[in-house]
1. Going by what's in this entry, would residue A:133 be described as more than 10 Å from chain B (Cβ to nearest Cβ) and assigned to a loop (DSSP other than H, G, I, E, B)?
2. Can you tell me which residue in segment A:141-158 is nearest to the other protein chains (Cβ to nearest Cβ), limited to those that are assigned to a loop (DSSP other than H, G, I, E, B) and in contact with a strand residue (DSSP E or B) (Cβ under 9 Å, 6 or more places away or on another chain)?
3. Is one or more of the residues making up segment A:42-50 surrounded by fewer than 19 Cβ atoms within 10 Å (Cβ to Cβ) and within 15 Å of the chain's Cα centre (by Cα)?
4. If I ask for residues that are more than 7 Å from every other protein chain (Cβ to nearest Cβ) and touching a helix residue (DSSP H, G or I) at 6+ places or on another chain (Cβ under 9 Å), which ones from segment B:181-190 would you list?
5. Is it true that residue B:123 is touching a residue at least 24 places away in the same chain (Cβ under 8 Å), in a helix (DSSP H, G or I) and under 30 Å from residue B:19 (Cβ atoms)?
6. With respect to residue A:187, is the statement that it is over 14 Å from residue B:2 (Cα atoms) and buried (at least 18 other Cβ atoms within 10 Å of the Cβ) true?
7. Scan segment A:111-128 and tell me whether some residue there is away from chain B (no Cβ under 14 Å), surrounded by 19 or more Cβ atoms within 10 Å (Cβ to Cβ) and under 30 Å from residue B:186 (Cβ atoms).
8. Out of A:75, A:93, A:107, I need the residue that is within 22 Å of residue A:32 (Cβ to Cβ), at pLDDT 95 or above and surrounded by fewer than 22 Cβ atoms within 10 Å (Cβ to Cβ). Which one?
């Protein structure tokens with residue numbers, strides 16, 4: 001078996017964490033792949049809250065979910081993920097972030113995620129997490145602005161109090177083309193942070 | 001499920017890679033736990049070559065294997081792992097290194113692994129690896145000399161040519177007590193390096 005690239009490893013971690021009936025967040029809907037994957041796991045009694053600031057992303061996600069008959073347990077928000085704290089009240093077992101820009105040839109690569117809104121969204125998700133729940137962040141950073149966001153996210157995560165969180169960095173270190181880095185933050189206690 | 005500490009994750013990777021009949025190396029027998037785990041997987045048609053420079057480690061390993069009736073498919077070498085290149089000729093699917101010192105209260109913590117012999121052993125194992133085989137290195141570095149060895153191993157691994165190897169670093173980044181870092185090197189091609 002091949003060592004799993006970060007994107008695949010994010011699904012392995014989701015699969016080990018999320019079960020039927022859970023509430024979960026896709027903080028960057030993109031083309032809908034993670035939303036669809038989460039929808040298939042949480043089933044009819046669970047729910048996926050899926051955010052994207054770009055309407056192209058929300059449309060792509062809606063199309064994919066429609067084709068796969070998965071719209072029933074997904075709520076799509078066409079707004080930035082910095083609104084998660086305001087909009088979501090349920091406790092969650094998982095939130096996933098794919099940071100960078102919307103994948104695909106036709107999309108606007110000038111629209112990228114930014115540290116300030118990203119960190120606000122991550123903090124909101126950490127508050128909503130149940131014990132042993134995971135915030136998973138896949139960091140693409142080859143684009144302009146990507147290095148800054150990567151550094152800010154890793155710096156934030158590495159300072160989280162180890163009494164409350166465990167932070168894993170999963171990274172391929174001999175690749176020229178800056179493959180994505182995965183950060184997984186697991187909550188150790190149910191109490192408020 | 002909890003995020004797996006590096007030591008457990010090394011067993012997950014072994015489990016995904018090693019099958020019955022394989023030849024494998026435990027480059028740091030220590031108290032014999034990895035040798036025993038590998039022995040249970042490779043079975044009677046495979047073989048574990050297990051090295052340790054300390055006779056206390058070889059004795060502990062022999063005792064554990066004897067209790068578990070696992071001596072038949074293990075060859076124990078009471079010498080430094082820098083001799084791997086000279087002593088082992090078979091192609092292997094996995095080699096595991098636990099770098100630092102022999103765990104346990106009664107052992108001599110002055111006897112630690114060192115960069116020069118460690119790197120010689122890692123290079124020998126990389127040559128012996130089959131395609132998709134893994135060299136797994138669990139780096140303990142809290143002891144004197146540990147930081148230097150850690151830096152040397154990571155520096156070496158991060159410079160391996162991506163045409164021939166994929167190098168994963170699996171690390172917990174918000175812990176005060178320097179938990180071990182796992183490095184996994186996977187060979188991508190069968191040819192000699």
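The values are calculated or read from the model by the stated rules, or taken from the named source; none is laboratory data. If you're wondering where the values come from, they're calculated on a predicted model, not measured in any experiment. Note that each Cβ is placed from the backbone with ideal geometry, even for glycine, and that neighbours are counted across all protein chains shown.
1. No, not satisfied.
2. A:141
3. No, the conditions are met nowhere in segment A:42-50.
4. Within segment B:181-190, B:181, B:182, B:183, B:185, B:187 meet the criteria.
5. The answer is yes for residue B:123.
6. no
7. No.
8. A:75
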